[in-house]
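Enquirer: Starting off with a structure, shown below.
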Amino acid sequence: KFYVPSALQDAPKCKKDIEEKKTAPSARRKHSFEKLIAFLVNELTEDDYQVQGPVLKPLQSLFNKMFIRRGQTAVSVIGDMTRATLLVKNEEDLRGIVKRVEEAFPSIHGKEFQGPSKVGVDTFLHQVFKMKKVPESDIIPYRFKANSSQKKKMDKGEPPLYYNFNFFDGIPEYHRVGTTEMFVAFELQIGFEAEVNGLRVDHLAYEEGRILNAQPLLKAYKEAHEKSSESDVSTTAVPSSLTEKSESQDDMKLIAAVLEGNFSNCKYRALDQKKIDGEGTASIAPKRLCLNNKRLNIWADQRKAMILDGPFELERSRRYSVDLMSFRVDTRIERISVGLFAYFGPYVVQISALFLGSNHAEEVSLIKPGVNFLTMESISMLPPQCDGVVLVAWGEPWRAGEGSVTWEELKESDYHGMKLVLNQYEELTE
């Protein structure tokens with residue numbers, strides 16, 4: 001009755017962040033950077049170094065990396081979604097930090113990172129799952145290399161004075177736009193203060209140039225719009241609200257044209273639908289970390305999450321989309337979230353979920369043909385090489401009129417099964 005899809009709840013927040021040009025990451029992310037820096041500086045005093053940031057990656061820079069530099073369909077790692085800079089005032093202290101990284105993580109220093117586009121998504125995820133963490137933290141370093149600005153210096157045999165340290169924060173966070181899939185990571189730049197200050201450039205202007213060079217239509221529109229704006233000075237003014245609306249519509253058309261490639265480059269043959277009817281399982285807590293719902297990881301760590309049904313096995317060689325997903329639970333059960341999750345390497349990803357408040361129906365739909373009630377998308381794809389799905393609930397279950405109940409009691413008395421219909425596809429080889 002009172003449910004609002006999270007995609008609609010998030011939209012005003014995103015709009016506000018863009019309008020206010022928000023650059024500050026979450027408190028948790030700041031804390032992760034602080035832990036990493038504390039490990040690196042070791043016995044240095046605060047007078048020996050300076051920290052700038054962390055700040056979120058600008059939207060223009062993200063657009064450039066996702067859709068211009070990396071292509072429109074490859075699975076990629078956005079290695080600097082949040083970035084900070086550690087400026088060291090003494091070259092000797094910088095050498096000490098580099099040595100500390102080399103000794104603690106010899107497998108990542110100076111070596112090319114084997115991302116999902118090179119080794120495959122499944123292999124990539126299993127590699128990350130086994131990687132060593134920074135002591136007393138969830139930070140997973142995966143690359144440490146000299147900054148590209150140091151090439152000339154290194155060609156002359158001189159040691160670099162500026163480095164990039166990339167890491168995942170607990171998990172390789174997963175996001176999807178159409179069929180473009182990305183994993184989010186973070187970057188700490190480490191350098192000699194005098195060297196770094198002499199290299200500062202206007203990245204926004206640089207990225208704008210790359211975007212426009214790669215998108216001639218967008219470049220022509222921008223140039224024509226700028227000329228039109230100049231000539232408008234001597235013409236009759238148009239009401240600003242109408243002008244802004246027209247410009248906004250034109251912008252959206254152009255952005256849509258750029259993004260359309262994300263939905264049309266894969267060739268699949270549709271197979272018969274796969275239907276799964278779940279009747280509940282033994283009480284098992286979820287053990288896999290989720291890549292796109294960190295709240296589930298927190299609830300599971302507090303032993304406040306439970307697998308309601310599954311796992312149900314799927315064929316790794318096929319692609320799947322969810323046509324329909326629903327479950328039945330007593331109408332008195334409330335204060336919990338229930339979601340469908342898909343296996344992705346050694347992790348899971350959330351496909352859809354709902355919060356159960358008061359007065360809900362006995363049969364609750366997460367996905368119906370044409371709409372995912374979490375994301376408001378018309379297509380709900382499972383990740384590539386997915387070999388299983390599972391229905392998970394988390395929170396603090398409550399039975400109206402009686403009070404709190406245990407997960408075991410809920411599963412025994414209140415959960416009445418699930419229905420899942422999957423569209424199956426096999427990839428066509430040329």
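The values are calculated or read from the model by the stated rules, or taken from the named source; none is laboratory data. All figures in this text were calculated on a predicted structure; none of them were measured in a lab. Cβ atoms come from the backbone with ideal geometry, glycine included; neighbour counts cover every protein chain shown. Only protein heavy atoms, including side chains, enter the accessible area calculation; ligands, DNA and RNA are left aside. Shrake-Rupley method; radii C 1.70, N 1.55, O 1.52, S 1.80 Å.
Enquirer: Quick one: Gln127 ticks every box in (1) assigned to a helix (DSSP H, G or I); (2) open to solvent by 80 Å² or more (accessible area, probe 1.4 Å); (3) in contact (Cβ under 8 Å) with a residue 12 or more places away in the chain except a single one, so which number is it?
Expert: The one condition Gln127 does not meet is (2).
Table: residues versus (1) among the hydrophobic types (A, V, I, L, M, F, W, C); (2) open to solvent by less than 20 Å² (accessible area, probe 1.4 Å); (3) in contact (Cβ under 8 Å) with a residue 24 or more places away in the chain.
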{"residue": "Glu91", "(1), (2), (3)": "no, no, yes"}
{"residue": "Gly115", "(1), (2), (3)": "no, yes, yes"}
{"residue": "Arg143", "(1), (2), (3)": "no, no, yes"}
{"residue": "Lys156", "(1), (2), (3)": "no, no, no"}
{"residue": "Phe167", "(1), (2), (3)": "yes, yes, yes"}
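Enquirer: Which of the residues that make up segment 287-306 are touching a Leu at 6+ places or on another chain (Cβ under 7 Å) and either assigned to a loop (DSSP other than H, G, I, E, B) or not small (Gly, Ala, Ser) (or both)? First the steps, then the outcome.
Expert: Just the residues of segment 287-306 that are touching a Leu at 6+ places or on another chain (Cβ under 7 Å), to begin with: 290, 297, 305.
The answer is Cys290, Asn297.
Enquirer: Could you please find all residues in segment 397-430 being within 21 Å of Phe355 (Cβ to Cβ), charged (D, E, K, R) and either without any contact (Cβ under 8 Å) to a residue 60 or more places away in the chain or out of contact with any Lys or Arg (no Cβ under 6 Å at 6 or more places or on another chain) (or both)?
Expert: Matches in segment 397-430: Glu402, Glu409, Lys411, Asp414, Lys419.
Enquirer: Could we say that Glu102 is open to solvent by less than 20 Å² (accessible area, probe 1.4 Å) and of a type in the set (D, E, K, R) here? Break it down into steps so the answer makes sense when it comes.
Expert: Details: open to solvent by less than 20 Å² (accessible area, probe 1.4 Å): no; of a type in the set (D, E, K, R): yes.
For Glu102, the condition - open to solvent by less than 20 Å² (accessible area, probe 1.4 Å) and of a type in the set (D, E, K, R) - is not met.
Enquirer: With the requirement that a residue be among the polar types (S, T, N, Q) and open to solvent by less than 40 Å² (accessible area, probe 1.4 Å), what does segment 332-390 give you? It would help to see each step written out before you state the result.
Expert: Going residue by residue through segment 332-390, those that are among the polar types (S, T, N, Q) are 337, 350, 352, 358-359, 365, 372, 375, 378, 380, 385.
Ser337, Gln350, Ser352, Ser365, Asn372, Ser380 - these are the residues of segment 332-390 that are among the polar types (S, T, N, Q) and open to solvent by less than 40 Å² (accessible area, probe 1.4 Å).
Enquirer: Looking at segment 41-58, which of the residues that are in contact (Cβ under 8 Å) with a residue 60 or more places away in the chain and under 26 Å from the mean Cα position of the chain (by Cα) is farthest from Tyr162 (Cα to Cα)?
Expert: Taking the candidates together, the pick is Pro58.
Enquirer: Please go through segment 315-331 and pick out each residue that is hydrophobic (A, V, I, L, M, F, W, C) and crowded, with 21+ Cβ neighbours inside 10 Å. Spell out how you get there, then give the answer.
Expert: As a first pass, look at segment 315-331 and keep what is hydrophobic (A, V, I, L, M, F, W, C): 322, 324-325, 327, 329.
Listed by number, the residues that qualify are Val322, Met325, Phe327, Val329.
Enquirer: Okay, moving on. Of Glu315, Glu334, which residue is in contact (Cβ under 8 Å) with a residue 60 or more places away in the chain and assigned to a loop (DSSP other than H, G, I, E, B)? I'd like the intermediate steps shown before the answer.
Expert: Details: Glu334 fails: assigned to a loop (DSSP other than H, G, I, E, B).
After applying the criteria, what remains is Glu315.
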